[in-house]
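Data first, discussion second: the structure below is written as structure tokens.
Since every read-out is calculated from the coordinates, none of them should be taken as a lab result. Remember, predicted model here, so these are calculated numbers, not experimental data. FYI the Cβ positions are ideal-geometry reconstructions off the backbone, even for glycines, and counts take in every protein chain you see.
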Amino acid sequence: MSTKIKINSQIFQDSNNIYYPKDETEVSDLIRELYKQDSPTEIIGNNSKSFIGNKTQSANTTSLSKISGIIDYRPEELYIKVKACTPINEIEQVLSENNQELAFEPIDFGYIKDGKSNKGTIAGYLSCNYAGSRRFKVGSVRDHVLGFKGVNGKGDIIKSGGTVVKNVTGYDLSKLIAGSFGTLVALTEITLKVLPKKDSSKTVIIYPNNFEQIYDFFNKLSSSSSEISGAVFIPEQSNDKEFSVKRNNVFKFNDLKSKVSFVAFRVEGDKISIEEKINNLKKELELNNSDISTLDVYQSEPFWKKINNLEVFEKTEHNLIRMVIPPANGSKLSKYLENKHNYFIDWCGSLFWIEVNSKKEEKIKDLKKMANDFGGYLTVIKTSSEYDYGEPIFTVDKVRLMISEKVKQSFDPKRILNPGKMYRGV
Amino acid sequence: MSELALPKIDNSILNRKSEIVKNLSKLTDKENVLSEADELRPYETDALSVYTQTPLAVVLPENTEEVSEILKYCHSENIKVVPRGAGTGLSGGALPLQDAILLGLGKFNKILEIDYENKCVVTQPGVTNLGITHAVQHKGFYYAPDPSSQLACSIGGNVAENSGGVHSLKYGTTTNNILGVQMVMMDGTICRFGGKSFDQEGYDLMGLICGSEGLLGVVTEVTVKILRTPEVVRAALIGFPSIKEGGDAASEIISSGIVPAGMEIMDKALIEATDNFSKAGYPRDAELLLIVELDGTESEVNELIKKVEAICKKNNCSSLKLSNSEKERLSFWAGRKAAFPACGAMAPDYYCMDGSIPRGKLAEALLEIKKLSEKYELPVANCFHAGDGNLHPLIMFDGNDKEQLRKTEEFGSEILKTCVRLGGVITGEHGVGIEKRELMCEMFNDNDIQQQLSIKKSLDEKNLLNPGKVYPILRKCAEEGRVHVHKNKDKFPDLPRF
């Protein structure tokens, strides 16, 4: 028996020839073997976000889904250490029992994929680095990772970071792994910072008259010392009946006039300070004579879930774009998008979710140019069946691509892990 | 401290000094190139002043293009480069090398843009940390990370070290508070990571650079996030009769769900030292002093103070004082901020350590340090960022006494090993630099270190940028059995190690 068969025979392979290593050692053995054979592999978790990124062209598929389970949870130390493919739901449930949470508010991509909730695994989250509505206040997934263990493209088990928040020992590889789409290491263990859940929340809805007013609200909200933890703009798109119906259904709340454009902002904390902050903000935004609605905690919580589930784009078959720009340019972008593409704005004016319903990739090219001109970037999160990848789905400049190639080389010299998932040649 | 191993000196570079100085003078104003002994003296050390080295020359470029040209020249001529910000680093990260030029960023001292709409400031790296807050505070904003050297330390240095400070518990360290950097690589390539928007797509190269201690590139511009000054900030000064009770109270505050803006602990030795020095009015009968700062809206802060009071009383605090004015709040901090100079007044020298431990292990760590202090017969005072587990023991010694120097080194090293044993790390915010290189093997194995060296090699193939820092000397690690050396061959034979 050759070494190759001997090693691989210990690792479970299903009828589709997908490898299922059950622990870190098996991941290391497998990748070491693939490295020897120059045979790349796609890395997957439970497949909730595998539609994001380019299709990898590799002979093998490795699923890390069996590497799952909580290793060490210390509520009083505010951290949880888990095996890499522990489902987000499992983590959130355990944290919730101790009144804690993942503050970065994981997005549920299951709704846009096939209309069903599927938050996937923490390794998937870290690999994509897509945080929800609270991001502009608490940071992204990368800001909540304290350390990791994983296997690089040569089969070496490596680690970085630890369980403490203050740590500058060596390069901060946890940051580099965040958003690397599994192209640098196959993750096996992740330590996350957790935070106490807020006692309560309320959401205030404002109905603006024009685009200038939307960004005036966003600017005042992000400048206030009465902290908010979410601010979105949901436009009315009268030219697309189908979308309007969907949108109105998603945002059907007792206290919300869903058929018109609205800005919603969330205040969290103890009940007394929520009232105090809302009163302060009403003054700062000069809302005392305006038409506003307030969603109590029972409406506020499901409202933000719907935002973070991207439910207005449920089962979309069009191209779905995630664009991040400095908020000062948001007003120009929303004017451009009006009645052209369906969209909504999150992160108090920075994050645009845009549905591009055109077969022509020219439209995406135009948007990418705008993103670059505005000092931001875009990613095509979900592609329509007609998308031919003529226009890359990620935004990268030449110098960053050159450095990315070097970094990739240092982790995975033979490009064994998820080759081409992000950029050609990486 | 006693004996310092440095990269092998390249005599061919030393012999070419006058030619190199002449060539550098063509790349920037000749006034910006220093090469005479008396001109070089101020640059011989950083804030870890027990180590000194005279650089080959000092260059003080004035713009990014000059930095790029200088690095390009050094790259092609195989000349080592040590970057330096304000020189306030405590781990020797900016210690010069005899055959290297010291690249000082002191002339990059301008704020380039204040953008309130995007809540950010674009600045050159030589601007001080506090300088950023000063530029925006009249509009009610500030820059959150606040290392205690914030008056003098530069934002570029903060990026290199990923500096924290008292408020990093709630607001994060430098890496969580910057949006973009412009950087020059060793071969002269100018690159930009991030900008004014959140979360650059692709590899988080800004995250990699932040805390890389000047080994991967020279930062020439930084875009930082600014935050709104909180409506109300109040601090509480709480004394405890024992280390355990104070430590438990600090842990309980965090686990109850409160996230204070800052939470500091000082032990009896430091309470006395700082109170003598700054007359802060600390409770001198206490064994341990806890300072808790809370911020937010008025009712939010009042609510939190009630909770903190209840927890401290439950843990038998011996005194509790709340700040009732901004002046009083600042006076609470005056002692803590004077911790280092206060120790400086008590002994000819002090050596500041910087480990991180899990919060719950505080009492254990302090007791262990006390034992070590008795063993080495050297006094120690402790301050501690209790909220995030970052411990700063200050060992007092006489640097002129060789034996004391040696003992201090050993003592410090044992403290950091204790931190690792308790589940922590060897440096929380000061960086590894030259000081803690050998202790890297306490935390990382061969694979971990080789991966990091491999990143270094991919971005600085000739190992010219700040060599000799952060990563251990092969010999020492091999002695400790951590680095696998096969037939005396290193995995990366081209990486010059020493």
Exercise for review: Just the Kirkwood number for region A:307-426, please: inverse of mean 1/r across all distinct Cα pairs, in Å, one decimal.
Suggested key: 15.5 Å
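Over the whole of A:330-337, what's the average partner chain Cβ count within 10 Å per residue? Rounded to a whole number, please. It would help to have the intermediate numbers written out before the result.
Working: counts 1, 0, 0, 0, 0, 0, 0, 0.
For peptide A:330-337, the averaged partner shielding equals 0.
Lys and Arg at +1, Asp and Glu at -1: add these up for the other residues within a Cβ distance under 12 Å of residue A:45 and post the number. Before the final figure, lay out the partial values.
On the way: positive: A:49, A:66, A:83, A:119; negative: A:42.
Counting the neighbours of residue A:45, the net charge comes to +3.
With a ≥ b ≥ c the root eigenvalues of the C-alpha gyration tensor of region A:176-275, is it rounded (a/c under 1.5), prolate (a/b larger than b/c) or oblate?
Oblate.
If the chain between residue B:445 and residue B:279 were fully stretched, how many nm would it gain, using 0.36 nm times the residue separation less the Cα-Cα distance? Mind dumping the intermediate values first?
Numbers: separation 166, 0.36 × 166 = 59.76 nm, distance 4.67 nm.
Between residue B:445 and residue B:279, full extension yields an extra 55.1 nm.
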Check your understanding: With charges only on Cβ, +1 for K and R and -1 for D and E, what is the dipole size of region B:169-306 about its Cα centre, in debye, rounded to 20?
Key -> 300 debye
Check your understanding: So for chain B, Kirkwood radius off the Cα pairs, Stokes-Einstein at 20 °C and 1.002 mPa s: how many µm² s⁻¹?
Key -> 91 µm²/s
Practice item. Using only the C-alpha atoms of region A:380-426, find the volume of their convex hull and express it per residue in Å³. Key: 84 Å³
Check your understanding: What number, in percent, do you get for the relative contact order of region B:11-104 if the mean sequence gap of Cα pairs under 8 Å and at least 6 apart is divided by its residue count?
Key -> 34 percent
**Study point:** Radius ratio Rg over Rh of region B:11-104, counting only Cα atoms, Kirkwood formula for Rh
**Key:** 0.94
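With a ≥ b ≥ c the root eigenvalues of the C-alpha gyration tensor of region B:111-228, is it rounded (a/c under 1.5), prolate (a/b larger than b/c) or oblate? Kindly include the intermediate steps, with their values, before the conclusion.
Details: a/c = 1.57, a/b = 1.38, b/c = 1.14.
Because a/c hits 1.5 or more and a/b exceeds b/c, region B:111-228 counts as prolate.
Within 10 Å of each Cβ of A:147-153, how many other protein chain Cβ atoms are there on average? Could you put the intermediate results ahead of the total?
Numbers: counts 1, 0, 1, 0, 1, 4, 0.
Partner-chain Cβ atoms within 10 Å, mean over residues of A:147-153: 1.
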Study note, to complete from the structure: Close lysine pairs (region B:201-359; alpha-carbon distance under 17 Å; 8 or more apart or on separate chains) counted at 13
Check your understanding: Kirkwood hydrodynamic radius of region B:232-427 from all distinct Cα pairs, in Å?
Key -> 16.9 Å
Practice item. Can you give me the three principal axis dimensions of region A:147-223 from its C-alpha atoms, in Å, biggest first? Key: 58, 29, 21
Review point. Farthest toward the dipole's positive end in region A:198-388, which of A:321, A:223, A:292, given Cβ charges of +1 (Lys, Arg) and -1 (Asp, Glu) about the Cα centre?
Key: A:321
Review point. Given B:226, B:87, B:291, which one lies farthest toward the positive end of the charge dipole of chain B, if we put +1 on the Cβ of every Lys and Arg and -1 on the Cβ of every Asp and Glu?
Key: B:291
Exercise for review: Could you work out the mean count of beta carbons from other protein chains within 10 Å of each residue's beta carbon in B:255-263?
Suggested key: 3
Review point. Remind me, relative contact order of region A:198-388 in percent, using alpha carbon pairs under 8 angstrom and six or more residues apart?
Key: 29 percent
Point to revise | Size-normalised alpha-carbon gyration radius of the protein assembly as shown, reference 2.2 N^0.38 Å | key: 0.93
Exercise for review: Can you grab the distance from the C-alpha centre of region B:86-132 to the C-alpha centre of region A:195-256, Å, no decimals?
Suggested key: 40 Å
Point to revise | Proximal aspartates and glutamates relative to residue B:80, as straight alpha-carbon distance under 13 Å, when same-chain residues fewer than 8 apart are discounted | key: B:10, B:99, B:187, B:460, B:461
**Study point:** region A:198-388 - convex hull of alpha carbons, volume per residue in Å³
**Key:** 113 Å³
Review point. Between residue A:338 and residue B:314, what is the label-to-label distance in nm when each label sits 7 Å out along the Cα-to-Cβ direction?
Key: 5.5 nm
Revision key, fill the gap. In the structure shown, of A:408/B:462; A:116/A:159; A:306/A:340, the pairs separated by more than 27 angstrom at the C-alpha atoms are A:116/A:159
Review point. So what is the relative contact order of chain B, in percent, for Cα pairs below 8 Å that sit 6 or more residues apart?
Key: 15 percent
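Would you kindly give the portion of the calculated P(r) for region B:401-463 that falls above 13 Å, as a percent of all Cα pairs? Kindly include the intermediate steps, with their values, before the conclusion.
Details: 1371 of 1953 pairs.
Cα-Cα pairs in region B:401-463 separated by more than 13 Å: 70 percent.
Do me a favour and compute the ellipsoid semi-axes for chain A from its Cα gyration tensor, root of five times each eigenvalue, largest one first, whole Å.
Details: eigenvalues 301, 128, 69 Å².
Over the Cα atoms of chain A, the ellipsoid semi-axes are 39, 25, 19 Å.
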Practice item. Evaluate E = 1/(1 + (r/R0)^6) for residue B:12 and residue A:405, where r is the Cβ-Cβ distance and R0 equals 30 Å; express this FRET efficiency to the nearest 0.05. Key: 0.40
Point to revise | Size of electric dipole in the protein assembly as shown: Cβ of Lys, Arg +1 and of Asp, Glu -1, about Cα centre, debye, nearest 20 | key: 1800 debye
Exercise for review: Output the peptides B:272-281, B:323-332 sorted from most to least packed, where packing is the average of other Cβ atoms within 10 Å over each peptide's residues.
Suggested key: B:272-281, B:323-332
Practice item. Pop a pseudo-label 7 angstrom from the Cα along the beta-carbon direction at both residue A:36 and residue B:325 and give the gap in nm to one decimal. Key: 7.7 nm
**Study point:** Net dipole in debye of region A:357-403 [+1 Lys, Arg Cβ; -1 Asp, Glu Cβ; about Cα centre; nearest 20]
**Key:** 80 debye
